[in-house]
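I have placed the structure first, in the form of structure tokens, so that the comments after it can refer back to it.
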Amino acid sequence: MSVSGWLVYETEHAKKNQAFIDWFLEEAVALDIELTFLLQSQITYGAGNGELFLYVDNKEIPRPSFVIMRNIDPLFNLQLEQMGIPCFNSYDVSSICNDKARTYQMLARHGIPMLETYFLKPADLDIEKFPLSFPMVAKSRTGRGGEQVYLLENDEDLQKLQSTSQEGFIFQALASSPGKDLRVYVLGQEIVGAVLRKNDHSFKANYSLGGTAEAYTLNAEEVALVNSVVALFDFGLVGMDFLFDDHGSLLFNEIEDVVGCRTLCQTSDVNIVKLYLEFILLTLGEK
């Protein structure tokens, strides 16, 4: 086999995604790719003696043709790229999209519609001087999968957050349709599917948190908006999430770098793993 790759996870998410990992390994065989599954904990990397190094289980092994990074560690993405190993997603995508504040900063400069968003630590928020009023939503800048997202309805909620977290957060007003959002799956520069997610019991629409999902057909205006964001990045595979305003138009919410594909698989017949591996081969000039 002329093309070899690594599929990298961290331990906790590997346990939750074993079926997805197996799917990757099966499709790789069919495409004549030698794909090796690795835990991030098996990999050691750094710099010394005027060069960068990369070890697996403390041994130097042949470098892969590419790496599919299913863990969030932008420094590792950068190490790979500086060693000439293509990483999917890239360092630029990982470093920007895994920081909600950086993502909003970038997209706001290009006129992408979004909720008014404030960047600060909870401890620094003085509600008497703050432009937003309750209820509001606080999200960790680096949270994923609906984790570290809080609905603040009163002073007590805010004080609890201030006492338990020193991280950077973003603060937004509660969206017009809480518990409802749209996830658009993007591969490279192409939209491959969209899923409408709803949760009648929470302001979070995440399927993993008890929500429902159904296939969604984007209209021309929505396609144009998604493509205006896509044009700003060199994506591998991502999920782009949108909220809805009072008139049902889309408002950008976030980009999931290490995106889960369960809802896409359950609402369509898209073989996202095969498409992703074929995209990688095409990017490498192997197809």
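The values are calculated or read from the model by the stated rules, or taken from the named source; none is laboratory data. The shown structure was predicted, so the numbers you read here are calculated from the model rather than taken from an experiment. We place every Cβ from the backbone using ideal geometry, glycine too, and count neighbours over all the protein chains shown.
Numbers for the structure displayed
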{"quantity": "Selection from segment 8-25 of residues that are outside any strand (DSSP E or B) and touching a residue at least 12 places away in the same chain (Cβ under 8 Å)", "calculated": "E10, T11, H13, A14, N17, F20, I21, W23, F24, L25"}
{"quantity": "Complete set of residues in segment 184-212 that are in contact with a helix residue (DSSP H, G or I) (Cβ under 7 Å, 6 or more places away or on another chain) and at pLDDT 85 or above", "calculated": "V184, Y185, V186, L187, G188, Q189, I191, V192, G193, V195, R197"}
{"quantity": "Any hit, segment 156-172, residues being surrounded by 13 or more Cβ atoms within 10 Å (Cβ to Cβ), among the acidic types (D, E) and part of a strand (DSSP E or B)", "calculated": "no"}
{"quantity": "Long-range neighbours under 8 Å by Cβ, at least six apart or interchain, first residue in the same structural domain as Q82 (by TED's automatic domain parsing) and hydrophobic (A, V, I, L, M, F, W, C) within segment 42-62, second part of a strand (DSSP E or B) and at pLDDT below 95", "calculated": "none"}
{"quantity": "Of all residues making up segment 214-263, the number that are under 20 Å from A19 (Cα atoms) and touching a helix residue (DSSP H, G or I) at 6+ places or on another chain (Cβ under 6 Å)", "calculated": "4"}
{"quantity": "Condition met for V270 (within 20 Å of the chain's Cα centre (by Cα) and surrounded by fewer than 17 Cβ atoms within 10 Å (Cβ to Cβ))", "calculated": "yes"}
{"quantity": "Matching residues in segment 160-171 - criterion: being modelled with pLDDT under 95 and either of a type outside the set (G, A, S) or touching a Ser or Thr at 6+ places or on another chain (Cβ under 7 Å) (or both)", "calculated": "K160, L161, Q162, T164, Q166, E167"}
{"quantity": "Whichever residue in segment 129-155 is assigned to a loop (DSSP other than H, G, I, E, B) and among the hydroxyl-bearing types (S, T, Y) and, among such residues, is farthest from I170 (Cα to Cα)", "calculated": "S133"}
{"quantity": "Meets criteria (basic (K, R) and within 26 Å of the chain's Cα centre (by Cα)) for K16", "calculated": "yes"}
{"quantity": "Residue in segment 237-253 that is among the hydroxyl-bearing types (S, T, Y) and crowded, with 22+ Cβ neighbours inside 10 Å present", "calculated": "no"}
{"quantity": "One residue from G179, G236 being of a type in the set (G, A, S), in contact with a Phe, Trp or Tyr (Cβ under 6 Å, 6 or more places away or on another chain) and at pLDDT 95 or above", "calculated": "G236"}
{"quantity": "Where a residue in segment 254-267 is over 13 Å from A194 (Cα atoms) and its partner, wherever it lies, is of a type in the set (A, V, I, L, M) and assigned to a helix (DSSP H, G or I), with Cβ under 7 Å and at least six apart", "calculated": "D257/V93"}
{"quantity": "The listed residue being under 27 Å from E26 (Cβ atoms), in contact with a Leu (Cβ under 9 Å, 6 or more places away or on another chain) and of a type in the set (A, V, I, L, M, F, W, C), out of F252, F235, F242", "calculated": "F235"}
{"quantity": "Candidate set from segment 11-37 (those that are touching a Leu at 6+ places or on another chain (Cβ under 7 Å), of a type outside the set (S, T, Y) and under 20 Å from C261 (Cα atoms)); member that is surrounded by the fewest Cβ atoms within 10 Å (Cβ to Cβ)", "calculated": "L25"}
{"quantity": "Residue in segment 9-20 that is acidic (D, E), touching a strand residue (DSSP E or B) at 6+ places or on another chain (Cβ under 9 Å) and at positive phi present", "calculated": "no"}
